[in-house]
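A short write-up of the structure that comes next.
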Amino acid sequence: RLTYACWSLLMAFELVGWGKTCRRSPAGGVRHKPVAAYGLLRLVPWSMPNFRSPRAALMLVLASFGASVGAWAGAIPLVTTASHIDNYAFGIGLTASSLATVGVMSLGGFLGKYLSNRAMLLIIIPLLALVTIALLMSASPTPFFAGLIAFGAVLGIKDIFMNAEASAIVHDVGRPIVTAFHGRVSMTIALFAILSSYVANLFGPLAMGMIV
């Protein structure tokens, strides 16, 4: 039920990003589908989108990015307490994580020479899940800082290649749908941050890591 509810929310937000959908009629004109009717068809289980399409695949990549960030954001108070991290040390950790994100992003062009967007994303997605779990499980300062820096670095690499893939899809579609992509990330972050706060308080951060 939770999975279907999350997918329904994503599809509802898709209506805002897509606006009207068009089809070419046999006579050569343009026929518009009503947005509300199209959205209802998209929400029923038998009308799920084709997950083999590049666009649907990227949606899941964006959702996994938002899920990791949201899971971490919602569990920050518990993780920092378990790791004996005060506000000053936490600020230093966030700064180091941000520097790792920016620093790793500068390697995007170099990595792109040897690996395609698809290959990099297939590597980074499970790696991000493992790093997120390790960060949520940290119970002392050393694994906390190591996990936070690694978390920032992996996010930076994934951000570069999923945005590169998004640009290619936008070029192929021929419509400005980047805001819909970014909206999905923001929405998933908020959803998983709320879920993480609830689950981590009830069962501990590790339980949220298992969900991710």
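The values are calculated or read from the model by the stated rules, or taken from the named source; none is laboratory data. None of these values were measured; they are calculated from a predicted model. We place every Cβ from the backbone using ideal geometry, glycine too, and count neighbours over all the protein chains shown. To get the accessible areas, we keep the full protein, side chains included, count just its heavy atoms, and leave off ligands, DNA and RNA. Shrake-Rupley method; radii C 1.70, N 1.55, O 1.52, S 1.80 Å.
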Label-to-label distance, nm, for residues given as THR179 and THR81 (7 Å Cα→Cβ offset): 4.0 nm
Cα shape, the range 76-127, gyration tensor, a/c 1.5 rule: oblate
Once ALA57 and ILE123 are pulled to full extension, the length gained, defined as 0.36 nm per residue separation minus their Cα-Cα distance, is 22.3 nm
Anisotropy class of the range 71-193 from Cα gyration tensor, a/c 1.5 cut: prolate
Give me the percent of the accessible area of the range 74-212 that comes from carbon and sulfur atoms, probe 1.4 Å, all protein chains in place. 72 percent
Applying the gyration tensor rule to the Cα atoms of the range 124-165 (axes a ≥ b ≥ c; rounded if a/c under 1.5, else prolate if a/b exceeds b/c, else oblate), the class is prolate
